Amino acid sequence: LGLAKVLAKIKNNLYGTVKLIFQPAEEDAFNGGGAQYLIKEGALNKPEVDAMIGLHIWPDLPFNKVGTRAGVIMGSSDPIIIKLKGKGAHASQPSQGIDPIVIGSQVINGLQTIVSRNISPFEQAVISIGKFEGGTRYNIIPETVTLKGTVRTFDEETREKVKNRIKTISKNVALGLGGEAKIDYNLGYPPLVNDSKMVELAEKSIKQILGSENYINISNPAPTGEDFAFFAKEKPAWAGFVILFL
């Protein structure tokens, strides 16, 4: 809204049309975020959008700086749910059951080998399990547990490789320990790729308006996800990081 107010004041000096997109559900990787639905509903049409610009608040940057890079600037964001089934039993008689908590622990350990043993040192990936749900009482082995986590990668080939390894490891570890695994792997946000020509244009404008000292060329992409990536797949796009201007 602040940007809209500024642009409205200088609209007579603008060459072309600026369309502002107010998007719901950015933080909803399980359902793919809001960008792809706005695209389907025609947000990039009437008038036709030629290029996209997005700014992401980034607290790691020094105050008043803008950072960006050509190519991948943010990673994919894929949420995963792994449901493990064993057999309930009293904790004093574990041989009568199949412990899904033990299975879950082994699955987590197995998933950590993907980055260290299946991904090239020249590729990047992050696999984190943030939630381990299971059990109702300290002295009862539950029948099921659920693991919830997230996967971050920077290219589609690595993304597919990690997905396949997670499914294989989870199913086979569970099977080897007498249980079952069901994997719900959501392809959430794709990697966000900046168009090189848009980056050149942004760099020139930033240096001209804010000064060269306030422009930062970011060396590595961020593993955080952003559904602006869906817009960047449709149109030449530039996304930059910023910490609030004065």
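With respect to the numbered conditions (1) in a loop (DSSP other than H, G, I, E, B); (2) under 28 Å from Lys148 (Cβ atoms), which one is the sole condition not fulfilled by Leu20?
(2)
Does any residue in region 104-123 that is modelled with pLDDT under 95 and of a type in the set (Asp, Glu) come within less than 9 Å, Cβ to Cβ, of a residue that is surrounded by 15 or more Cβ atoms within 10 Å (Cβ to Cβ) and outside any helix (DSSP H, G or I) six or more places away or on a different chain, and which pairs are these?
Glu123/Thr153; Glu123/Phe154; Glu123/Asp155
Filter region 200-242 down to the residues that are in contact with a strand residue (DSSP E or B) (Cβ under 7 Å, 6 or more places away or on another chain), in a loop (DSSP other than H, G, I, E, B) and not basic (Lys, Arg) and list them by number.
Hits for region 200-242 are Ile218, Pro221, Pro223, Thr224, Gly225, Glu226, Asp227.
Can Tyr185 be described as under 24 Å from Val66 (Cα atoms) and touching a strand residue (DSSP E or B) at 6+ places or on another chain (Cβ under 7 Å)?
No, not satisfied.
Filter region 143-182 down to residues that are of a type outside the set (A, V, I, L, M) and more than 12 Å from Lys83 (Cβ to Cβ), then give me how many there are.
Count: 20.
Please go through region 167-214 and give me each residue that is farther than 23 Å from Ile53 by Cβ and at pLDDT below 95, ordered by number.
Asn186, Leu187, listed by residue number.
Pick out the one residue from Asp99, Asp50 that is charged (D, E, K, R), closer than 26 Å to Phe22 by Cβ and modelled with pLDDT of 95 or more.
Asp50 is the lone residue from the list that is charged (D, E, K, R), closer than 26 Å to Phe22 by Cβ and modelled with pLDDT of 95 or more.
The values are calculated or read from the model by the stated rules, or taken from the named source; none is laboratory data. Remember, predicted model here, so these are calculated numbers, not experimental data. Note that each Cβ is placed from the backbone with ideal geometry, even for glycine, and that neighbours are counted across all protein chains shown.
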